[in-house]
Amino acid sequence: MGELLADHTTLRLGGPADRFLTHLDPSAWTDLVHTLQEDETPPFVLGGGSNTLVADTGYRGTILRMATRGVIARPLGDDVVEVVAHAGEPLASLVAFSIAEGLSGIEYLGGIPGTTGAAPVQNTGAYGQQMSDTVARITAYDWHRGHTIEIGLESCGFGYRTSIFKTKPGQWTILAVTLRLRRSESAAPVTYTHLAAALDVIPGARPPLAEAAWAVISDRTQRGLVLPMSGPDIRQAGSVFLNPQVDRAQAAAIRAAGGSLHHEPCGVSRASAGWLLEQVGHLPASRIGPGIYCSATRALTLTARQQATASAFADAVRTLASDVHRMFDIRLRSEPVHLGQGGTSPLLV
């Protein structure tokens, strides 16, 4: 039996992998590629395991745990600093580094689980910031071409919680991420009202950098957006759904019912997936299926408890999505990657 993948994901669910390798030393990548080329398909790269649902039957292939660490800062002039982070560096550590160095650009991404290399795949974002705002280039191994390449911002295909690395899985393995940050004593303008309230400032204000970063962690913790260290909600994958895009009629109906909307610069309106779930009766701490519950603080996070299985978790996700679609005619898209016996795919809902 191979390495049990339940030991490497935050949900602590899933069976074994045929082969499990860990990449620690960036200089050893070439040798590792020679080993990986024995496989018919590229490896599935696992970072912190916080956005992955592994099937109970496991994975028929190679799992590569990306564990390279390190961050380097290079001044470019005009208060712009280029920051290069290895893919296995925790995103939280990269944010902490930027704050300690007085660099603005990712201060609102604190408290998000996972690695730096995984963040561009989802175009991770929060409180009005997202990775695509500061990415200069991605260093990645191209399995089709057979060598390492540099991918510029314009070629990453970034969108709302997506990128070419997500839409074309298996073509690239991200090795390092280069950001361009700016020296500043102040954070970026606060755009979220609840964060402004936590900071006791008006929307649009630019609070001190460290103060803004601390407020983000505090706000995320109070709202159940940080992976807990203990308690019944410890086994989770964070938010299970993306905030869905809605049309004008749907937006008007949601607004009339007291729901909140987020308007993107491109003109797209998105509803709160958590609010939709609560409207159909899925409240915090409610049971969804065998061993599967909404977290104690929010319906948008599902937790696994005693006797939970990956298949029960997947069924619970489908139940939530189906209930929202039936009441609102809005389709929710799941966030976790489904790592199954035969490969990877979005969790179909």
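The values are calculated or read from the model by the stated rules, or taken from the named source; none is laboratory data. Just so we're clear, the structure is a prediction, and the values are computed from it rather than from any experiment. Note that we place each Cβ from the backbone using ideal geometry, even for glycine, and neighbour counts take in every protein chain shown. Protein only, heavy atoms only, side chains kept; ligands, DNA and RNA dropped before computing areas. Shrake-Rupley method; radii C 1.70, N 1.55, O 1.52, S 1.80 Å.
Worth a mention:
- Charge sum, other residues only, whose C-beta stays under 15 Å from Pro232's C-beta, Lys/Arg counted +1 and Asp/Glu -1: +4
- Rh by Kirkwood over Cα pairs, then Stokes-Einstein D for the chain at 0.692 mPa s and 37 °C, µm²/s: 156
- Secondary structure note: in the chain, about 80% of the DSSP beta bridges are antiparallel.
- Overall, the accessible surface of region 7-125 at a probe of 1.4 angstrom is composed of carbon and sulfur to the extent of 51 percent.
- Cα centroid separation - region 68-127 against region 42-65, whole Å: 24
- Relative compactness, region 71-184, computed as alpha-carbon Rg over 2.2 N^0.38 Å: 1.00
- From the C-alpha gyration tensor of region 189-303, square roots of 5λ in Å: 25, 23, 10
- Furthest towards positive pole of dipole, Val246, Gly146, Val95, structure part the chain, Cβ charges: Val246
- Net charge, Ser311 excluded, C-beta distance under 12 Å - Lys, Arg +1, Asp, Glu -1: -1
- Region 202-255-region 1-17 distance, computed between alpha-carbon centres (Å): 28
- Taking every Cα-Cα distance in region 257-349 and sorting them into 5 Å bins from zero, the calculated P(r) comes out as 3, 13, 21, 23, 19, 11, 7, 2, 1 percent.
- Summed over all non-identical Cα pairs, the Kirkwood treatment of region 1-130 gives a radius of 16.1 Å.
- Its convex hull of Cα atoms gives region 5-70 a direction-averaged projected area, equal to a quarter of the hull surface, of 4.6 nm².
- The accessible surface of region 171-215, taken with every protein chain in place and a 1.4 Å probe, is 55 percent carbon and sulfur.
- Local electrostatic count at Pro290 - Lys and Arg +1, Asp and Glu -1, tallied over other residues with Cβ under 12 Å: +1
- This model, with +1 at the C-beta of Lys and Arg and -1 at the C-beta of Asp and Glu, gives the chain a dipole about its Cα centre of some 780 debye.
- On a per residue basis, the chain carries 46 Å² of accessible surface, using protein heavy atoms and a 1.4 Å probe.
- For region 216-340, the carbon plus sulfur part of the accessible surface works out to 51%, probe radius 1.4 Å.
- Peptide packing for 274-282, 141-149, 108-116, 304-312 was compared via the average number of neighbouring C-beta atoms within 10 Å per residue; ordered from the highest value, the list is 108-116, 274-282, 304-312, 141-149.
- Note that region 80-86 has calculated 3J(HN,Hα) couplings of 9, 10, 8, 10, 10, 10, 5 Hz, one per residue in order, obtained from phi through the Karplus relation 6.51 cos²θ - 1.76 cosθ + 1.60 (θ = phi - 60°); glycine and proline are x.
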